Amino acid sequence: MIELIELTKAYGRVRAVDGVTFTAVPGRVTGFLGLNGSGKTTTLRMLLGLSRPTSGQALINKVRFQELDNPARQVGAVLEQGISHPGQSGRAHLTTQALLIGVDRARVDVLLEQVGLAAAAEQRCGDYSLGMRQRLAVATALLGEPQVLILDEPANGLDPEGIAWLRELLRDHARAGGTVLISSHLLAELAQLIDDVVIISEGTVRYAAPLSELYGSASARLRIRGRDPQRLWRAFEEAGATVDTDGYALEVIGLAPEDAGDIAFEAGVPLYELASDAPNLEQIFLNLVAGDAPVPAPVAAPAPDPGSPPAADLFPAPADLIPIPSEPPISAESLISSETLASSETRASSETRASSETRTPSEAAPIEADAAPEAAVTTATTQEGDR
Amino acid sequence: MIAVVRSELYRLSTIRSSAFSIAVFAAFGIIFSVMSADMWALLAGVSAFGFGVTGITQHYQHRTAVLLYLARPKRIQVLLAQLLTTVIVSLGFAAVSGVVVLFSGDADVYLRTLTVVPIMGLLGAAMAIVVRRATPLVVGFAVWVIFIEAMYFRMEQPLPFSAYLDAAGGNGRALVQFLGWALAAVVAATFSVRRDVNVD
């Protein structure tokens, strides 16, 4: 377990890190997010004993890093873009580290195989690509088979295959009961991996809670198209929803998809499309770090519920989402004109789109109340494309 | 501490530039020892200083000091292990490269050099912990020796390099003075080693 308690680092009058408090618990992956220069790396450096805090505490398994007994056996860290001497081979680098922490040298070859560097083991680290250096850094972190993994922007330089590999590795580590703390300046990069999120901005924690709560804090938006948009608009507004349009479909906030379907059914308006847009995570993140949005959960909540399901189990990977073909937008004015309605009907009837299947109340499957908004996606479409 | 020493020695032997440098200096040492025992002694001292400096500053230049302190966060122990490594390398280098001196009738020079060379290595390594960068340290030390010790004090004051030369010449008092300089640098290093490690 990782605990940061009022951790502060000041350089003169500048507080690079100011009272940072959060917890990363075993069995979960905690994302530590912030823009460049927000204090992520400084915080991790203090956590790892590389720099001294001005005040506060950073604890791993209840003690300071410096007080850990053989820390490499308990904590593995990936910092920067993979640290190694450019004149050493990958195997020599790992052997040096194995000797340093007292690990059997036989583990070096096992790890080289595991991270996909067996073929490049004798190559100089200076000739490694950025992605290879990151893989070597991960191997270095795993040498001591630590329970706690701390990674600072580990995805930098990794190709999509490498990112998928790293994601699986970290998820497996968490599933096995390990603690994972991973930093990034891109929420979307971690959205498929992390269970808990800590957002830092200008040295202070702006948000700390399970990721599902961050999703839940964002208003789910429904995208609805039907035969009579005016009547639908009125019906939704009478039901208390906020309605807008992008010129082609209605954008409805404040209704569950089931309720929207029921309302349309009762209003006697056939639906051509009913989809729930995923919240724009990147926008939520940017709002939080910019301080433009109200903080949707208690700041620095120290202990995310270890029992809540991992976010990665709730949210599908992009490959699981069905892409929606792009369609030409039309103006709001034309949306309500009879000519456009006719053309819309014609187009809708002539196209076969997975995303435009009308979901009637009788067809709607019940959705568990505690599921995240994405679980309610009826047509598996996203408009934001941020996942 | 032994684990750090083993790791450091392995690292030195597997970094191609380091291994190459040691081999080249050893070759020059052997050549110098054939030409003159004093030249060999001077080279051995300068080399020991260089080994001490580069052994430490490479860790900061390539940021592997981060890995070192992540694995062994008790930095004083790491410092002592690194100093011991420097002593081993310096002593080994001098012992091997000066074999000709030993068997050519200058055994006293050989033994005196083996006494002062590890101290020179300690001085270089300890100063490297303080400065952390090789070029400013080597250039600064060279400027100090040339302009301060040689030109200004004419190598007559008990300053580090003057004391080293005198100690290598068999002056017992100079040996103590030189050891004092090295220990002063080690004390400074014990404070300096606790500084933050910059990973940016």
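Summary table below
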{"quantity": "All positions within the stretch A:18-47 that are within 14 Å of chain B (Cβ to nearest Cβ) and more than 23 Å from the chain's Cα centre (by Cα)", "calculated": "A:Met46"}
{"quantity": "A:Arg91 of a type in the set (Lys, Arg), within 28 Å of the chain's Cα centre (by Cα), part of a helix (DSSP H, G or I) and on the phi < 0 side of the Ramachandran plot", "calculated": "no"}
{"quantity": "Residue count, the stretch B:59-71 (criterion: more than 7 Å from every other protein chain (Cβ to nearest Cβ) and among the basic types (Lys, Arg))", "calculated": "0"}
{"quantity": "Test result for A:Val63, open to solvent by 10 Å² or more (accessible area, probe 1.4 Å) and more than 23 Å from B:Leu12 (Cβ to Cβ)", "calculated": "yes"}
{"quantity": "Subset of the stretch A:257-291 [in a loop (DSSP other than H, G, I, E, B) and buried (at least 17 other Cβ atoms within 10 Å of the Cβ)]", "calculated": "A:Val269, A:Ala278, A:Pro279, A:Asn280"}
{"quantity": "Test: residue in the stretch B:147-155 that is closer than 18 Å to B:Thr86 by Cβ and surrounded by 13 or more Cβ atoms within 10 Å (Cβ to Cβ)", "calculated": "no"}
{"quantity": "Filter result (open to solvent by 20 Å² or more (accessible area, probe 1.4 Å) and closer than 30 Å to A:Leu187 by Cβ) within the stretch A:232-256", "calculated": "A:Thr242, A:Asp244, A:Thr245, A:Asp246, A:Glu251, A:Ile253, A:Gly254, A:Leu255, A:Ala256"}
{"quantity": "Residue match in the stretch B:40-58 (condition: of a type in the set (Gly, Ala, Ser), over 17 Å from B:Arg132 (Cα atoms), open to solvent by 30 Å² or more (accessible area, probe 1.4 Å) and away from chain A (no Cβ under 14 Å))", "calculated": "no"}
{"quantity": "Every residue from the stretch A:1-15 that is exposed (fewer than 13 other Cβ atoms within 10 Å of the Cβ) and either in contact (Cβ under 8 Å) with a residue 60 or more places away in the chain or aliphatic (A, V, I, L, M) (or both)", "calculated": "A:Val14"}
{"quantity": "Cβ pairs under 6 Å, 6+ apart, first in the stretch A:234-248 and assigned by TED's automatic domain parsing to the domain that holds A:Arg223 and closer than 12 Å to A:Ala260 by Cα, second crowded, with 17+ Cβ neighbours inside 10 Å and among the β-branched types (Val, Ile, Thr)", "calculated": "A:Ala235/A:Ile263; A:Phe236/A:Val243; A:Phe236/A:Val252; A:Glu237/A:Val243; A:Ala239/A:Ile263; A:Ala241/A:Val252; A:Val243/A:Val252"}
{"quantity": "Unmet requirement for B:Ser36, which otherwise passes all of (1) within 14 Å of chain A (Cβ to nearest Cβ); (2) among the polar types (S, T, N, Q); (3) open to solvent by 20 Å² or more (accessible area, probe 1.4 Å)", "calculated": "(1)"}
{"quantity": "Selection within the stretch A:142-154 - within 18 Å of A:Ser184 (Cα to Cα) and of a type in the set (A, V, I, L, M, F, W, C)", "calculated": "A:Val148, A:Leu149, A:Ile150, A:Leu151"}
{"quantity": "Some residue of the stretch A:62-80 being more than 25 Å from A:Arg133 (Cα to Cα) and away from chain B (no Cβ under 14 Å)", "calculated": "yes"}
{"quantity": "All positions within the stretch A:48-61 that are within 7 Å of chain B (Cβ to nearest Cβ) and in contact with an Asp or Glu (Cβ under 7 Å, 6 or more places away or on another chain)", "calculated": "A:Leu50, A:Ser51, A:Arg52"}
{"quantity": "Of all residues making up the stretch B:169-193, the number that are open to solvent by 20 Å² or more (accessible area, probe 1.4 Å) and in a helix (DSSP H, G or I)", "calculated": "15"}
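The values are calculated or read from the model by the stated rules, or taken from the named source; none is laboratory data. Values in this document were obtained by computation on a predicted structure and should not be read as measured data. Every residue, glycine among them, receives a Cβ derived from its backbone with ideal geometry; neighbour counts consider all protein chains shown. Accessible surface is based on the protein model in full, side chains and every heavy atom, while ligands, DNA and RNA are left aside. Shrake-Rupley method; radii C 1.70, N 1.55, O 1.52, S 1.80 Å.
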